[in-house]
Protein chains: 2
Amino acid sequence: MADIPLPPGFTVQKLAEVQRAFESALGADQVFFTPLDRASYNDKFWVDPVGHNPSGAIAPESVEQVQAAIKIANQYKIPLWPISRGKNLGYGGSAPVLSGTVVMDLSRMKKIEFDPETGTAVVEPGVSFYDLYDYLKANNLPYWISTPGNSWGSVMGNALDRGVGYTPYGEHTKRINGLEVVLPTGELVRTGMGAFTGAPTWQAYPFGFGPGWDQMFVQSNFGVVTKMGMWLMPEPESLMGMDVEFDRPEDLKAMIDTIGPLRREGVLQQSPSIGNWLRAAAVLTTRDEWTDKPGALGEDVIDAIRKRFNIGWWGVSLRLYGRESVNKASYRILEDAMKSINPMLIKPTSWVRGEPIEHTGWTGTPITFPMQNVNWYGGRGGHVGFSPILKQDGDAALAQFKRTYARYQEWGMDYQGSFAFGERHLTNVNAMIFNHDDPEMMAKVDPFFRQLVADAKEHGYGEYRTHLDYMDLVAATYDFNNHALWRLNQTVKDALDPNGILAPGKSGIWPSGMGPRTDA
Amino acid sequence: MADIPLPPGFTVQKLAEVQRAFESALGADQVFFTPLDRASYNDKFWVDPVGHNPSGAIAPESVEQVQAAIKIANQYKIPLWPISRGKNLGYGGSAPVLSGTVVMDLSRMKKIEFDPETGTAVVEPGVSFYDLYDYLKANNLPYWISTPGNSWGSVMGNALDRGVGYTPYGEHTKRINGLEVVLPTGELVRTGMGAFTGAPTWQAYPFGFGPGWDQMFVQSNFGVVTKMGMWLMPEPESLMGMDVEFDRPEDLKAMIDTIGPLRREGVLQQSPSIGNWLRAAAVLTTRDEWTDKPGALGEDVIDAIRKRFNIGWWGVSLRLYGRESVNKASYRILEDAMKSINPMLIKPTSWVRGEPIEHTGWTGTPITFPMQNVNWYGGRGGHVGFSPILKQDGDAALAQFKRTYARYQEWGMDYQGSFAFGERHLTNVNAMIFNHDDPEMMAKVDPFFRQLVADAKEHGYGEYRTHLDYMDLVAATYDFNNHALWRLNQTVKDALDPNGILAPGKSGIWPSGMGPRTDA
């Protein structure tokens, strides 16, 4: 019993009392406090194995049950960590920042509402990308979803953590339109037009009247989101595009300086991602098929990988969605632009409504296949991502790549990097794949990650999202005026959550008296 | 002296003390407390002539001066009403909700920064649409701005009140990217990547790390925005489109059900606005040229107006921006769609880079010409707008139109209505033009407005923006869970502005102990 992780100020006895209160409010089959339960809510892709251990979990099935659980949490001052489906892998999965926190697992809340006329949906936290896809297919609805690489996760959870996909609706957080939220006091609010009782426009207009709240519940611990309005993309008549490969690391500059303007002027409505040679190999093979040498992969192995998959040092997929006649005109513009910067290979792709369709992220089909990459090193795999935001500037991006690549070689890690376009920014995702059964490797991950944060800090590049282990570290890099925005968040946190019960430490925001002082 | 409007709890002596404190901090030439000063900051388009009288005004010229003024306001507990350029006509102009409030006029803060590579700008509150346009021309920058009908106003002020324009960047609030804000305590924060000291991505990525704050300072009194990051549209190679006229009131349904899907699927990137026959006549003529009969205009006059301007009952302008080859393909789709619903007239328009350009809202040229419509009735004119949000649904919009049109006739007012598309919603702007020198007419405006609010409330339609007179009324219509979102706003207001000094009553949000209890 001594191994039960307890929140600050708790005893095993008090925790047992809380458990009984949850059981009495929700029913015993929705309350999980055995050692196996605790283990199952841990972070599968942990970096620090003793970091973030829940004391138990509860699974409310309705808004009323969420409110009942929050009432109990306030009564006992026990912290809750809401998860949608807990698949936030690489960023902490289903685990809380603060050990002893009770996970509030919302995966049983799975309702979907859909307005077929305007293509807006309302989803609950438990709705996965598979669920939403199946719903559209079952009801023969002419809309596409936008999926992340690993689609078993929650549509809502992904958007609330600023996850991305591949279609023109791939900046998921930007397609949020109106939320229902249980505040830390238990009060139920609806944002935007949802604040107007019975408004048929709740999912149509995001702002309502007065301050706009939706983004305040994103990457935040200000409330438990129980319903999310969102926009879906009308099924296009045509999908055209090309996969383009480039031979040299230095080609990154021209790629960014050529694709960026096309994205900004709107010829490209979708946000492409430039990835390196490891992306196919890491999913389709394991490292031992290529080499048994430790350290970062050598040029010979990189060449062998590129040869086998016939890919460049970098590759990028550009896609056009919409009417066929418009796509054809846009395609010629893309083709001219790509040809002008000496690609190694251009592989065109084209689909028209009615034809059989490829099951990929570009067609909004849910897949989990990319997750295979955690098998790269063998053993019990995992990954963590370092993801700073850059400008759409080829020189700056190339310099950032060179710095980071040198660090990967210095630390002896295999480089899997990408430069994903937003409308005006780049997200530079640097995956660190690791093997939990290799203690030497695991000892490197944390200092290596901190090295990358420090390198990026020097150049003004902050992360958009990070693992539980690094939330305080990353929050601390947002330091304008001695962390004024962090203090603003802390002030609002204290006003909305006086007992400090909701997700302490999420995004570096802590209730009063808990956690580190980022500005100290 | 008895006529000086005082905030609650103030005497003329205490106000004079405040004035001296402002003079000492800012200099006498930035402090305005004469009767003429007060009059000049009143609402020129008042509905209730005794509603919203400032006690004076101050004009800080820097962030430091804004902070100094806020320090004084906290010391004396005198409320401040920040305005950018004060041209929010129809919604209160430069006047505060609460009489006795001191206007903080930020129109002297006029700095512009521009990143020519990525097309992002930073503007201060005093930058007008003319200023920004002139800046782009003077520096030969290939970007277009999006202007509202009356462009003397502030680029920032417009976006912070959710004003709209005509180009694909016309939903101005959606192109905000990162703010600098002085909080009611005087603390300076920067949002998004601005919170990361020296980040080159402040204007490139809107969200930063953790909760997204930008929209919390929109239509809000949580802070004084001193810098706004924004995105500009790259100058298109081509602009094509058509002005389309329709003969019958009932055509509104088919127009919405045909244009809506084109907007949602993205063939149209810009948000068209459907307007009735009065829009040209009200700007180009005055009412006495058409009739001397009181009451709403009769069918005979409507016919005469339509004949003279060769326009339909409704008209709409559709515009395509981008590459010429793409626009040509899209144009054919628009043309087919419009022809399928029996237009009275299709007038094509086309421009290619290098040709002389029409100076209109569609080319992002600043104009103030539409403001002429306040001369319609003669006398000292004005207008107020009732602007509920609807779904993009032809039947619902037609029903809303019929209800509203009947009310205009019942109240004897000339109908100027529009249905402006957003990406998934319609904003139904109903302008009430009036003549301050006609007491009989002025007596009608307020009860007529309240009638429209009540009618819309029955159907779930809430306003997106409203005049000072109606902020509490409209806030009260957002009543889900007994005004839970309003209480949330009040809680945050009290946490951020303990002395209640910033814009009391803005959007129905009041500091503790002041103003009506919307949820009472």
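Some values worked out for this structure:
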quantity: Index of the failed condition, A:E358 passing every other in (1) more than 22 Å from A:F421 (Cα to Cα); (2) open to solvent by less than 60 Å² (accessible area, probe 1.4 Å); calculated: (2)
quantity: B:S418 of a type in the set (S, T, N, Q) and away from chain A (no Cβ under 11 Å); calculated: yes
quantity: Residue match in the stretch B:112-123 (condition: of a type in the set (D, E), open to solvent by 20 Å² or more (accessible area, probe 1.4 Å), in a loop (DSSP other than H, G, I, E, B) and within 12 Å of another protein chain (Cβ to nearest Cβ)); calculated: yes
quantity: Residue tally, condition among the small types (G, A, S) and surrounded by 14 or more Cβ atoms within 10 Å (Cβ to Cβ), over the stretch A:335-355; calculated: 2
quantity: Verdict on B:F222 being out of contact with any Ser or Thr (no Cβ under 7 Å at 6 or more places or on another chain), crowded, with 21+ Cβ neighbours inside 10 Å and either free of Cβ contacts under 8 Å to residues at least 24 places away in the same chain or at the interface with chain A (Cβ under 10 Å from one of its Cβ atoms) (or both); calculated: yes
quantity: Candidates A:R332, A:R319 - the one that is within 14 Å of chain B (Cβ to nearest Cβ), over 18 Å from A:P249 (Cβ atoms) and open to solvent by 30 Å² or more (accessible area, probe 1.4 Å); calculated: A:R332
quantity: Residues satisfying the stated conditions in the stretch A:225-238, i.e. in a strand (DSSP E or B) and within 13 Å of another protein chain (Cβ to nearest Cβ); calculated: A:V225, A:T226, A:K227, A:G229, A:M230, A:W231, A:M233, A:P234, A:S238
quantity: Filter result for A:Y205 (outside any loop (DSSP other than H, G, I, E, B) and touching a Phe, Trp or Tyr at 6+ places or on another chain (Cβ under 8 Å)); calculated: no
quantity: Qualifying residue in the stretch B:499-513 (condition: within 10 Å of chain A (Cβ to nearest Cβ), open to solvent by less than 40 Å² (accessible area, probe 1.4 Å), polar (S, T, N, Q) and in a helix (DSSP H, G or I)); calculated: yes
quantity: Selection from the stretch B:287-316 of residues that are in a loop (DSSP other than H, G, I, E, B) and either open to solvent by 40 Å² or more (accessible area, probe 1.4 Å) or touching a strand residue (DSSP E or B) at 6+ places or on another chain (Cβ under 8 Å) (or both); calculated: B:W290, B:D292, B:K293, B:P294, B:N310, B:I311, B:G312, B:W313
quantity: Hey, B:Y130 of a type in the set (S, T, Y), more than 20 Å from the chain's Cα centre (by Cα) and not in a loop (DSSP other than H, G, I, E, B) or not; calculated: no
quantity: Whichever residue in the stretch B:168-187 is small (G, A, S) and surrounded by 20 or more Cβ atoms within 10 Å (Cβ to Cβ) and, among such residues, is nearest to B:K71 (Cα to Cα); calculated: B:G178
quantity: From A:R487, A:R450, residue being within 13 Å of another protein chain (Cβ to nearest Cβ), assigned to a helix (DSSP H, G or I) and surrounded by fewer than 20 Cβ atoms within 10 Å (Cβ to Cβ); calculated: A:R487
quantity: Selected residue (only one of B:R248, B:R263 is open to solvent by 10 Å² or more (accessible area, probe 1.4 Å), more than 9 Å from chain A (Cβ to nearest Cβ), basic (K, R) and in a helix (DSSP H, G or I)); calculated: B:R263
quantity: Matching residues in the stretch B:180-214 - criterion: being free of Cβ contacts under 8 Å to residues at least 60 places away in the same chain, farther than 25 Å from A:A159 by Cβ and either of a type in the set (S, T, Y) or more than 7 Å from chain A (Cβ to nearest Cβ) (or both); calculated: B:V181, B:T197
quantity: All positions within the stretch B:59-85 that are among the aliphatic types (A, V, I, L, M) and over 23 Å from the mean Cα position of the chain (by Cα); calculated: B:V63, B:V66, B:A68, B:A69, B:I70, B:I72, B:A73, B:I78
quantity: Qualifying residue in the stretch B:154-165 (condition: open to solvent by less than 10 Å² (accessible area, probe 1.4 Å) and at pLDDT below 95); calculated: no
quantity: Considering residues of the stretch A:1-27 that are of a type in the set (G, A, S) and open to solvent by 70 Å² or more (accessible area, probe 1.4 Å) only, the residue modelled with the lowest pLDDT; calculated: A:A2
quantity: Condition met for B:A337 (without any contact (Cβ under 8 Å) to a residue 40 or more places away in the chain and closer than 23 Å to A:V326 by Cβ); calculated: no
quantity: Any hit, the stretch A:142-150, residues being within 14 Å of chain B (Cβ to nearest Cβ) and aliphatic (A, V, I, L, M); calculated: no
quantity: Of the criteria (1) open to solvent by less than 30 Å² (accessible area, probe 1.4 Å); (2) outside any loop (DSSP other than H, G, I, E, B); (3) more than 23 Å from B:D29 (Cα to Cα), which one B:V103 fails; calculated: (3)
quantity: Residue within the stretch A:133-145 that is open to solvent by 30 Å² or more (accessible area, probe 1.4 Å), touching a residue at least 60 places away in the same chain (Cβ under 8 Å), closer than 20 Å to A:G92 by Cα and in a loop (DSSP other than H, G, I, E, B) present; calculated: no
quantity: Residues satisfying the stated conditions in the stretch B:453-484, i.e. of a type outside the set (F, W, Y), part of a helix (DSSP H, G or I) and at the interface with chain A (Cβ under 7 Å from one of its Cβ atoms); calculated: B:V474, B:A475, B:T477, B:N481, B:A484
quantity: From A:M242, A:M228, A:M233, residue being touching a residue at least 60 places away in the same chain (Cβ under 8 Å), over 16 Å from the mean Cα position of the chain (by Cα) and open to solvent by 10 Å² or more (accessible area, probe 1.4 Å); calculated: A:M233
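This table checks each residue for (1) farther than 21 Å from A:P511 by Cα; (2) in a loop (DSSP other than H, G, I, E, B).
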position	(1), (2)
A:P5	no, yes
A:S24	yes, no
A:V47	yes, yes
A:P54	no, yes
A:E61	yes, yes
A:K87	yes, yes
A:S107	yes, yes
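Okay, residues lined up against (1) in contact with a His (Cβ under 8 Å, 6 or more places away or on another chain); (2) over 19 Å from B:L183 (Cα atoms); (3) assigned by TED's automatic domain parsing to the domain that holds B:N53:
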| position | (1), (2), (3) |
| --- | --- |
| B:I78 | no, no, yes |
| B:I83 | no, no, yes |
| B:N88 | no, yes, yes |
| B:G93 | no, yes, yes |
| B:V127 | no, yes, no |
| B:A138 | no, yes, no |
| B:G149 | no, yes, no |
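The values are calculated or read from the model by the stated rules, or taken from the named source; none is laboratory data. Source: prediction; values computed, not measured. Methodologically, a virtual Cβ is constructed for each residue, glycine included, from the backbone with ideal geometry; neighbour enumeration extends over all protein chains shown. In case anyone asks, the SASA skips ligands and DNA or RNA and just uses the protein heavy atoms, side chains included. Shrake-Rupley method; radii C 1.70, N 1.55, O 1.52, S 1.80 Å.
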